[in-house]
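The values are calculated or read from the model by the stated rules, or taken from the named source; none is laboratory data. None of the values given here were measured: they were computed from a predicted structure. Glycine also receives a Cβ, built like all others from the backbone with ideal geometry; neighbour counts cover every protein chain displayed. Surface accessibility is based on the protein's heavy atoms, side chains included, excluding ligands, DNA and RNA. Shrake-Rupley method; radii C 1.70, N 1.55, O 1.52, S 1.80 Å.
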Amino acid sequence: EQNHGANLLRNPSAGGMLARDMCGRDRRAEGGGPMKWLAIGSAVVVVLAAAFAGDQILWANPRVVAELRDDPHGERAQRVMLLTLPSGKRLPVNYLRDGDTVYAAADFPWWRELRGAGGRGSVWIRGETLHGHVRAVEDDPELRADVFARLRPTAPSFTGTLVVVELD
């Protein structure tokens, strides 16, 4: 077959068409066929799946976790705890402790598993594991404003979800 001066040859091992240009060099036939779009779509799906599957890595900053474990009474440990969610996911978050209640702010979707009644979880604060009931507070803007003013005074007031841990 002729195609604008190029010879097209079927190349079953490569799964497509090969074209020879006027100088006799092999070139893959160009085009936006369905296989190209299938490959692009597959790549997008893989990237998105990796992003969602990797949320533990993205949110559970391994360096911060290591620093908290290595120096549980250090400067970072004064403001960051490890929160274990009912699903078992463990992540470092800034906290504010007020007696038997621990508050945290969530800016990522991990807090969604705490909607409604929440569930059992734990916190690791300065080397001590404490258990309790963890829930997201979505219906008390006054409590959220009060806690966020102390927990994260420089963050924009319209961001974040309040997470409350009632310790046993």
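Within the stretch 93-104, can one find any residue that is in contact (Cβ under 8 Å) with a residue 24 or more places away in the chain, open to solvent by 30 Å² or more (accessible area, probe 1.4 Å) and assigned to a helix (DSSP H, G or I)? No, that holds for no residue. Candidates are the residues of the stretch 66-92 that are more than 19 Å from Tyr103 (Cβ to Cβ) and touching a Lys or Arg at 6+ places or on another chain (Cβ under 8 Å); the one that is surrounded by the most Cβ atoms within 10 Å (Cβ to Cβ) is Glu67. Might you check whether a residue that is within 20 Å of the chain's Cα centre (by Cα) and assigned to a strand (DSSP E or B) occurs anywhere in the stretch 63-78? No, the stretch 63-78 contains no residue that is within 20 Å of the chain's Cα centre (by Cα) and assigned to a strand (DSSP E or B). Restricting attention to the stretch 114-126, and to residues there that are in a loop (DSSP other than H, G, I, E, B) and charged (D, E, K, R), which single residue is most open to solvent (accessible area, probe 1.4 Å)? Among residues in the stretch 114-126 that are in a loop (DSSP other than H, G, I, E, B) and charged (D, E, K, R), the one most open to solvent (accessible area, probe 1.4 Å) is Arg115. At pLDDT 95 or above, surrounded by fewer than 16 Cβ atoms within 10 Å (Cβ to Cβ) and either on the phi > 0 side of the Ramachandran plot or out of contact with any His (no Cβ under 6 Å at 6 or more places or on another chain) (or both), is that true of Thr129? In short, yes. How many residues does the stretch 78-95 contain that are farther than 13 Å from Arg63 by Cα, in contact with a strand residue (DSSP E or B) (Cβ under 8 Å, 6 or more places away or on another chain) and not β-branched (Val, Ile, Thr)? Total meeting the criteria: 8. In summary, Val163 fulfils each of the numbered conditions (1) within 27 Å of Glu67 (Cα to Cα); (2) assigned to a loop (DSSP other than H, G, I, E, B) with the single exception of condition (2). Take Ala155 and decide whether it is open to solvent by less than 60 Å² (accessible area, probe 1.4 Å), at pLDDT below 95 and not hydroxyl-bearing (Ser, Thr, Tyr). So Ala155 fits the description; yes.
Say whether the condition of being at pLDDT 95 or above, aromatic (Phe, Trp, Tyr) and buried (at least 16 other Cβ atoms within 10 Å of the Cβ) is met by at least one residue in the stretch 46-63. So far as the stretch 46-63 goes, no, none of its residues is at pLDDT 95 or above, aromatic (Phe, Trp, Tyr) and buried (at least 16 other Cβ atoms within 10 Å of the Cβ).
Within the stretch 131-156, residues that are without any contact (Cβ under 8 Å) to a residue 60 or more places away in the chain and under 17 Å from Gly116 (Cβ atoms) sit with their Cβ atoms under 9 Å from residues that are part of a strand (DSSP E or B) and acidic (Asp, Glu), at 6+ positions apart or across chains, in these pairs: Gly132/Glu166; His133/Glu166; Val134/Glu166; Arg135/Glu166.
The condition of being exposed (fewer than 15 other Cβ atoms within 10 Å of the Cβ), in a loop (DSSP other than H, G, I, E, B) and over 24 Å from the mean Cα position of the chain (by Cα) holds for only one of Asp146, Asp139, that being Asp139.
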